[in-house]
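Enquirer: Take this structure, written in structure tokens, and hold onto it; I'll ask about it next.
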Amino acid sequence: MTLAERIRDALAEPAKLPPLPGDLPEQRALASLPAAVLIAITDRADPGVILTVRREHLRTHAGQIAFPGGRLDEGEEPVAAALREAHEELGLDPALVELAGRLDEYRTVTGYVVTPVIGVVPPELPLRPHEHEVADWFEAPLAYLLDATNQQVETAVFAGLERRYWQIGWNGRRIWGATAAMLVNLSRRLQWM
């Protein structure tokens, strides 16, 4: 059974825990901006997840670690947007992505409703970060990211209230916020890891 098939089978099973809905669940009724990200999992004996480091000069999420992704263009579906953004940000050829499924939408504090699209990609891809948007990229071990002992809950004050957010530290890097929360949601679905 291929990695993509194993992921599809896991996504077909009911989750043991409910998904995290988003950063500000009380704002579900507010207007939202549709977005999509690609959770690119490398097809190797010990799979990894490809993550980007956003440039420091960007207007939003500067310097943060994220999945490749962004807003949907008008009339665009989440899968098409995730593949387009991964191609724009990393030069990832959409033809090399074997789609494996989606996770539940996640609402970010900045008003986006993000659809995480899961795809399996070959290892050792010749990725080229977009010089204006992406400072760097790296691959972190999937098993490490999905291990609940590595997923920490932190708190911060936002909009006058103390908020909880997720954080995963790996190899000196801080994966936090919506990206970490989507990895927590992935861990709740990929129970075979």
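Enquirer: For segment 99-113, check the following and say yes or no: at least one residue is over 17 Å from the mean Cα position of the chain (by Cα) and either at pLDDT 95 or above or among the acidic types (Asp, Glu) (or both). Quick ask: steps written out before the conclusion?
Expert: First pass over segment 99-113, keeping only residues over 17 Å from the mean Cα position of the chain (by Cα): none.
Checked against the condition, which is being over 17 Å from the mean Cα position of the chain (by Cα) and either at pLDDT 95 or above or among the acidic types (Asp, Glu) (or both), segment 99-113 yields no hits at all.
Enquirer: List the number of the failed condition for Val120; all other conditions in (1) over 17 Å from the mean Cα position of the chain (by Cα); (2) in contact (Cβ under 8 Å) with a residue 24 or more places away in the chain hold.
Expert: (1)
Enquirer: Right, another one. Among the listed residues Val109, Val79, Val114, Val53, identify the single one that is closer than 18 Å to Ser187 by Cα, touching a strand residue (DSSP E or B) at 6+ places or on another chain (Cβ under 8 Å) and in contact (Cβ under 8 Å) with a residue 24 or more places away in the chain.
Expert: Details: Val109 fails: closer than 18 Å to Ser187 by Cα; Val79 fails: closer than 18 Å to Ser187 by Cα; Val53 fails: closer than 18 Å to Ser187 by Cα.
When all the criteria are applied, what remains is Val114.
Enquirer: Working carefully through the options Arg164, Arg102, Arg107, find the one that is exposed (fewer than 15 other Cβ atoms within 10 Å of the Cβ) and either touching a helix residue (DSSP H, G or I) at 6+ places or on another chain (Cβ under 6 Å) or among the basic types (Lys, Arg) (or both). Working first, answer last.
Expert: Values: Arg102 fails: exposed (fewer than 15 other Cβ atoms within 10 Å of the Cβ); Arg107 fails: exposed (fewer than 15 other Cβ atoms within 10 Å of the Cβ).
Checking each option against the conditions leaves just Arg164.
The values are calculated or read from the model by the stated rules, or taken from the named source; none is laboratory data. Keep in mind it's a predicted model, so treat the numbers as computed, not measured. Methodologically, a virtual Cβ is constructed for each residue, glycine included, from the backbone with ideal geometry; neighbour enumeration extends over all protein chains shown.
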